1. Can you tell me the length gained on complete extension of the stretch ASN143 to ILE218, counting 0.36 nm per residue apart and subtracting the Cα distance?
2. Given the C-alpha centroids of segment 47-96 and segment 110-135, what is the distance between them in whole angstrom?
3. Give me the extension gain from ASP471 to LYS253: residue separation times 0.36 nm, minus the current Cα-Cα distance, reported in nm with one decimal.
4. Could you calculate the contour length gain from GLN229 to MET241, that is, 0.36 nm times the residue separation minus the distance between their Cα atoms, to one decimal place in nm?
5. First check a/c for segment 12-90, with a ≥ b ≥ c the square roots of the eigenvalues of its C-alpha gyration tensor; if it is under 1.5, answer rounded, and if not, answer prolate when a/b is larger than b/c or oblate otherwise.
6. Each residue of segment 16-27 in order: what ³J(HN,Hα) in whole Hz does its phi give by Karplus 6.51 cos²θ - 1.76 cosθ + 1.60, θ = phi - 60°, with x for Gly and Pro?
7. For a quick check: with amide H placed at 1.01 Å from N, whose amide H comes under 5 Å from LYS145's, ignoring anything fewer than 5 positions away on the same chain?
8. Compute the label zone of GLU25 within segment 113-137: residues whose backbone N is under 12 Å from the point 7 Å along Cα-to-Cβ.
Amino acid sequence: MAFDFSWNTQKNYLKDVKGKEREQERQGKIKNKMIDPTRTHLNYDFVKSEISLYKRVKDRSEYLKSQGSKVQSNSVVMNSNIITIPKEEAVKMTDDEQKRYFKSCYEYFCDRYGTENVMSAKVHLDETTPHMHLHFMPVNKENGKLQARIAISPKVVREIHRELPLFLQERGFDVVQASGKKTNEKLSIHEFKAREEMRKQVRELKSEAQQLENESAILRSEIRTQKMQANEGLKRFEKDMGEQIKTVRDNAKQEVAMIREEMSRFEYDINRHRERLILDTEDVSKELESTKKDLDHYGKQLQERIDSLKELEFDQRIDLDVKPNLLTKKVTMANETFEELKKRAESAEKMQRALRASEKENKALKESNQSKDKELNELRGLRIENRKLQREVEFFKQIIEKIKAFMTQLVKPELRLAPQQMEQVVGYAKFQAKDRLGRDQDVELQNEFEKKGFDKAKNDFEEQQKELRKDSPDMER
């Protein structure tokens, strides 16, 4: 007795192919009680390939697209077909007859759509009713393009329902076109599988949602813990920074007091040496003037004596007893004069030595003044360093304020603060504090995360400057 031909088809997008492949290949957890896992090894496929069904369909779609087919995300790229042998008829057939029946159906679709477009023809023998999952790509053979609305239109479906039973009859099978009732029953079975698959997905989604909810609760707890730890760390940081700032301020005050005291002593010494130098210089100048006058006076007298001696004319016939008297008289006069001159010369020599000593002391005082000037420069350097320390204190205050401002955002439950993020925030705050203070020196960054935050702030600042220049072209000019 003839039996009705059972076939139904369903359109699929590319996103649906993986689900069809999991169903066909029995992938994942099997919940269909109609499937006997001990018989799954009996299943076979007329299309032999090591490539997954999804990859085959995707590659073929891209090829057809390169050949002129219009393939989009909402394009029908595959039709899933289920061809069934009724259970009461299957028991009458041998395994070879069943295989020949399914292979004949496979050959019909290969002839109609092209063997290269039949992606899979998997026969399932592990269910109560033998059936074949046949997947083909709806290619219009007239132009070779992927066109589901033409290749598998309702008219074509009715045509296959008429032609395929006749094709099977020619192959010796007693099968006729179905009246529609059983086809609807098979379609209901297909829809039942689709619903079961959907229920499965719903259960999986519910499970994932529950897992996400649990993870969310854990994350909220971790955020609260991180927030508490961050608050405690911030308090410790503020306390440590306050102590450090106080220590720096106290040390700076002590240093300033010492510097001021040293400056007072230095200024006193400078004034004292200046006054002494002025007095010594005046005394030496007076002595030099007096000595110079004396030397001029006695020099004139000496010159007069020398000139008077030159005017004397000695007679060659003078008696020898007279010459000694003349010589003695001349010597006596010279001795008195030279004795006086000697005393004056010794006095002048003493004055010169005193002058050289004064000049030496003057030079020493100049060197002392240079040393004091150097100390003054060092003192100015210490003052500059003191101002630098004050700016450092202000810099740390700015960092604390920036961190406080950021920490206030942690009240949002969706935010999660990691240690690396905290370090990036510190680096970001260091750049902003540096920019606000106008600090020329390089900022010391502790690690790569602080550098990352610092660079991020720098890039943001540069972008803002670019925007300002764009908005104010006159400024650039």
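1. Working: separation 75, 0.36 × 75 = 27.00 nm, distance 5.83 nm.
Contour length minus Cα-Cα distance gives 21.2 nm.
2. If you average the Cα positions of each part, the centres end up 7 Å apart.
3. Details: separation 218, 0.36 × 218 = 78.48 nm, distance 4.76 nm.
Stretched out fully, the ASP471 to LYS253 stretch lengthens by 73.7 nm.
4. Working: separation 12, 0.36 × 12 = 4.32 nm, distance 1.76 nm.
In short, 2.6 nm is gained.
5. Working: a/c = 2.26, a/b = 2.09, b/c = 1.08.
Taking the square roots of the gyration eigenvalues as a ≥ b ≥ c, segment 12-90 is prolate.
6. The phi angles translate into 8, 5, 4, x, 5, 5, 4, 5, 5, 8, 6, 8 Hz.
7. Those qualifying (amide H under 5 Å, at least 5 residues apart or on another chain) are ASN140.
8. Under cut-off, by backbone N: nothing.
Bear in mind that the values in this text are calculations on the coordinates, not laboratory data. This one's a predicted model, so the numbers in the text were calculated from it and none came from an experiment. Note: ideal-geometry Cβ built from the backbone for every residue, glycine included; neighbour counts use all protein chains shown.
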